[in-house]
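Please treat every number below as a calculation from the coordinates, not as lab data. For clarity, every value in this text was computed on a predicted model and none was experimentally measured. Using ideal geometry, Cβ is built from the backbone for each residue, glycine included, and neighbour counts are taken over all protein chains shown.
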Amino acid sequence: MTPKISLKEKQREDRERLILHYAERVMLEKGYHDVSMDEIAAGVGVAKGTLYLHFPKKEDLAYALVKPKMQSFLSSVEEAKALSDGPKEKLMYLLKRELTGAFFQFLLKSGSDMTTIFKSYETEINEMLPQIFSGIHEILNEGIRKGLFEPELPVEFMSSAFINLFEPHLYKEMVMVRSMPADVYIRHTANLFFRGIMKSKETE
């Protein structure tokens, strides 16, 4: 049986949801650095002190937005691993899903300096990132076993190269500034990555 929560606790949870919803909207519109806690408090309709009771720093608020998106990325890795397709198709699934997913789009549109947040939440991040990399390693090792990916390349090198595909600056330049269709960008990005890790025919 689910324990009942008090009216006060429910009001606190509802207020926190409103804060997060509004903060995400304005950060996506204006960018992380151009949004102040004063603006968020005023937009939600709460006192600044009330906002600080929920989130003592803007970094805390931003991380509260980022954390579930990182968890979603991890879920996508698990979904990719579970596919019946080959390792290349699994990586393509993850690339397509996450380049249009909530985590990448938040980083892209908010312009957040994630390194600042990661320093503040190093323990939490260090628990999640190894799980993400472990799943990607599993897919890459499958590709090596099946003779698709270059066995001379360290898996750690390939996985880092794959994660770097989610660096937002190139996507912003090509898709948002130069108006390249997102599906074309994803195709070009994937082609460059796979050309670098596919096993050379000369070594077969």
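Worth pointing out:
- Under Karplus coefficients 6.51, -1.76 and 1.60, residue-wise ³J(HN,Hα) of region 45-59 in Hz, glycine/proline x: x, 10, 5, 4, x, 5, 4, 5, 5, 7, 9, x, 9, 5, 4
- Using distinct alpha-carbon pairs, which all enter the 1/r mean, Kirkwood radius of the chain in Å: 19.2 Å
- For G111, the residues whose amide H sits under 5 Å from its own are Y32, ignoring neighbours fewer than 5 places away on the same chain, with H placed 1.01 Å from N.
- Low-density loop cleavage sites - trypsin sites (Lys or Arg not before Pro) in region 111-155, where at most 15 other Cβ are within 10 Å (DSSP): K146
- Where the alpha-carbon atoms of region 1-56 are placed on the principal axes, they occupy 44, 22, 17 Å, in descending order.
- Top of T116, T100, T189 by mean-square fluctuation, Gaussian network on the chain, Cα under 10 Å: T116
- Cα pair count fraction exceeding 15 Å, expressed as % - region 143-198: 53 percent
- The GluC sites (Glu not before Pro) of region 80-136 include none that meets both conditions, a loop assignment by DSSP and at most 14 other Cβ atoms within 10 Å of the site Cβ.
- Amide H to amide H distances under 5 Å link M198 with E150, where only residues 5 or more positions off or on other chains count and H is placed in the peptide plane.
- Helical mean residue ellipticity (222 nm; -39500 (n - 2.57) per DSSP H run of 4+; nearest 500) of the chain: -23000 deg cm²/dmol
- Region 143-204 and region 1-78 have Cα centres spaced 34 Å apart.
- Average Cα contact separation per residue, the chain, under 8 Å, 6 or more apart, as relative contact order %: 20 percent
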